[in-house]
Amino acid sequence: MHQPRRRDRRLTRRVSSEPGQPQAFRLPDVGADVVLVGYFSAKQKDFETLMASAATELAAHGARVVAQIVQRRGVSNGGVRKMGLPYSSRTLLSYGKVREVALVCEQANADAVVFVASLTERQQRTLTEMLGRPSVSLSDILAAN
């Protein structure tokens, strides 16, 4: 006779013994070149003001914004209820926009990529790997100081 399947296998995943607190990100040095990336829904009409204030905050912390890129989420077949959701849970942005950010970072020789929207740890790791430079949210930089 066979044994019934165990349905609780995923509960046996390894869990680290120490809960890891994310480290606050600090810019590499004064005068670091950063690319500023914003993700906004089509409903948000004042995104240019938010990008300008984010650039001002970064300048106050010693960074130099060399490029600004905006991803706007418009109304599509999904309707209004999906506008607040990211294009990708892995990268926040669409794949084409990630490629555009990577190209701009290479051309500008940027030291870091700063997102106006907050990023999850998974998004930070994925974007850092894909872009080849630290990818953090503006709130992480402000929290470090």
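The values are calculated or read from the model by the stated rules, or taken from the named source; none is laboratory data. As the structure is a computational prediction, the values presented were derived from the model and not from experiment. As a convention, Cβ positions derive from the backbone with ideal geometry for all residues, glycine included, and neighbour counts pool all protein chains shown. With ligands, DNA and RNA removed, areas are computed over all heavy atoms of the protein, side chains included. Shrake-Rupley method; radii C 1.70, N 1.55, O 1.52, S 1.80 Å.
Numbers below:
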quantity: All positions within the stretch 91-129 that are closer than 14 Å to Tyr39 by Cα and open to solvent by 100 Å² or more (accessible area, probe 1.4 Å); calculated: Tyr95
quantity: Scan of the stretch 36-70 for residues that are touching a residue at least 24 places away in the same chain (Cβ under 8 Å), in a helix (DSSP H, G or I) and closer than 13 Å to Leu138 by Cβ, ordered by number; calculated: Leu50, Met51, Ala54, Glu57, Leu58
quantity: Top-ranked residue of the stretch 131-145 - restricted to ones that are of a type outside the set (A, V, I, L, M) and open to solvent by 10 Å² or more (accessible area, probe 1.4 Å), ranked as farthest from the chain's Cα centre (by Cα); calculated: Asn145
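To keep it simple, each residue is scored yes or no on (1) open to solvent by less than 90 Å² (accessible area, probe 1.4 Å); (2) under 14 Å from the mean Cα position of the chain (by Cα); (3) modelled with pLDDT under 95.
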| residue | (1), (2), (3) |
| --- | --- |
| Arg7 | no, no, yes |
| Arg14 | no, no, yes |
| Pro22 | yes, no, yes |
| Leu36 | yes, yes, no |
| Gln44 | yes, no, yes |
| Val66 | yes, no, no |
| Val70 | yes, yes, yes |
| Ser76 | yes, no, yes |
| Arg81 | no, no, yes |
